[in-house]
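One structure is given here, and the rest of the page talks about it.
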């Protein structure tokens, strides 16, 4: 007598999909909060100082580099996720602008341009290293 010892498993695709999207949303929220935090600290430094040196922790290059590194990490290096990252970056800058009365210090605008340029380069050239993106 042959006994079938195979087990069958039912997968709840809906629950799995919801769990995946929830995890994705948590990562996106964490990325947005990180960006907002960095941009607020940069703006505070810009207001309290008349000049932020390029080698400073709050320079355009340093903050843009960090944001791009985080973007690459959050996307797991997948350039197909750039549009979602770009949306999150833009939302974060908009939030910080509102927090600062509708206008960021000039360095914030320069940082936004650098991050946008880095994402454009990544999308166009397929480079996934944030350090390469800023070159």
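Rule-based calculations on the coordinates, nothing more; no lab input. Since we're looking at a predicted model, the values are computed, not measured. Backbone-built Cβ (ideal geometry, glycine too); neighbour counts: all protein chains shown.
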- Note on the structure: The FRET efficiency for residue 78 and residue 26, from their Cβ-Cβ distance with R0 = 22 Å and rounded to 0.05, is 0.80
- Item | Fully extended contour minus Cα-Cα distance, from residue 106 to residue 54, at 0.36 nm per residue | 17.3 nm
